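Inspection log for the structure reproduced underneath, given as structure tokens.
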Amino acid sequence: MIPLNEVKDEAFATASLGEGFAVEPIDGKIVVPCAGKILFIAPSKHAIGIQSDDGLEILIHIGLDTIELNGKYFNSEVTSGDVVKQGQQLMDIDFDKIKEAGYVTQII
């Protein structure tokens, strides 16, 4: 885990987008953190919004500046509107290719 204030992006590091934390991925499998509903998946697939069954809205932001990849190396396993369970696979991502392209792979 990485404290939010150590994330290499000012908008996240200053918590202007809300409280949270970051992690460095250990593999390309991203899973749903809690039961809920997929609110949106960015067209570039680098950001996903989830509303938990308890009403908490969660943003999962994958990598920094990865919007520039326009979905390349991202494979979504869900779509907007899907009802999901905790632990269900959300994305499969080729982080090695993303790193080779020069991007930070922190998940915020």
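Please indicate, with yes or no, whether at least one residue in segment 2-16 is at pLDDT below 95, surrounded by 13 or more Cβ atoms within 10 Å (Cβ to Cβ) and of a type in the set (Val, Ile, Thr).
Yes, that holds for at least one residue.
Among the residues of segment 22-59 satisfying the criterion of being of a type in the set (Val, Ile, Thr), closer than 20 Å to Val7 by Cβ and touching a Gly at 6+ places or on another chain (Cβ under 8 Å), which is least open to solvent (accessible area, probe 1.4 Å)?
Initial filter on segment 22-59 (of a type in the set (Val, Ile, Thr)): 23, 26, 30-32, 38, 41, 48, 50, 58.
Filter once more, so that each one left must be closer than 20 Å to Val7 by Cβ: 23, 26, 30, 48, 50, 58.
Next cut, touching a Gly at 6+ places or on another chain (Cβ under 8 Å) only: 50, 58.
Values: Ile50: 0, Ile58: 43 Å².
The extreme case among them is Ile50.
List the pairs whose first member sits in segment 1-20 and is within 18 Å of Gly63 (Cβ to Cβ), whose second member is assigned to a helix (DSSP H, G or I) and among the polar types (S, T, N, Q), and whose Cβ atoms are under 8 Å apart, counting only residues at least 6 apart or on separate chains?
Ala13/Asn5
Looking only at segment 65-94, filter to residues that are open to solvent by 70 Å² or more (accessible area, probe 1.4 Å) and of a type in the set (A, V, I, L, M); which one of those is nearest to the chain's Cα centre (by Cα)?
Ile67
Need a quick list: strands (runs of 3 or more DSSP E) entirely within segment 25-108 having at least 1 residues that are over 21 Å from Phe12 (Cβ atoms) and of a type in the set (Ser, Thr, Tyr). Outline the logic, then answer.
Details: elements: 29-31, 36-41, 47-52, 57-64, 74-76, 89-93, 104-107.
Those strands (runs of 3 or more DSSP E) span 74-76.
For Val104, state whether it is surrounded by 13 or more Cβ atoms within 10 Å (Cβ to Cβ) and in contact with a Gly (Cβ under 7 Å, 6 or more places away or on another chain).
Spelling it out, Val104 is indeed surrounded by 13 or more Cβ atoms within 10 Å (Cβ to Cβ) and in contact with a Gly (Cβ under 7 Å, 6 or more places away or on another chain).
If I ask for residues that are of a type in the set (A, V, I, L, M) and either more than 30 Å from Asp54 (Cβ to Cβ) or in contact with a Leu (Cβ under 9 Å, 6 or more places away or on another chain) (or both), which ones from segment 86-108 would you list? I'd like the intermediate steps shown before the answer.
Step one: of segment 86-108, the residues of a type in the set (A, V, I, L, M) are 90-91, 93, 98, 101, 104, 107-108.
Scanning segment 86-108 gives Ile98, Ala101, Val104, Ile108.
Pairs under 7 Å by beta carbon, first residue among the aromatic types (Phe, Trp, Tyr) in segment 94-108, partner assigned to a helix (DSSP H, G or I), six or more apart or different chains?
Between residues of segment 94-108 that are among the aromatic types (Phe, Trp, Tyr) and residues that are assigned to a helix (DSSP H, G or I), the close pairs are Tyr103/Thr66.
Looking at segment 72-93, which of its residues are over 26 Å from Leu4 (Cβ atoms) and free of Cβ contacts under 8 Å to residues at least 40 places away in the same chain?
Lys72, Asn75, Glu77
The values are calculated or read from the model by the stated rules, or taken from the named source; none is laboratory data. Only a predicted model underlies this, so the values are computations on that prediction, with no experimental measurement involved. Ideal geometry is used to build each Cβ from the backbone, glycine not excepted, and the neighbour counts take in all protein chains shown. Heads up: the accessible areas ignore ligands, DNA and RNA and are worked out on the full protein's heavy atoms, side chains in. Shrake-Rupley method; radii C 1.70, N 1.55, O 1.52, S 1.80 Å.
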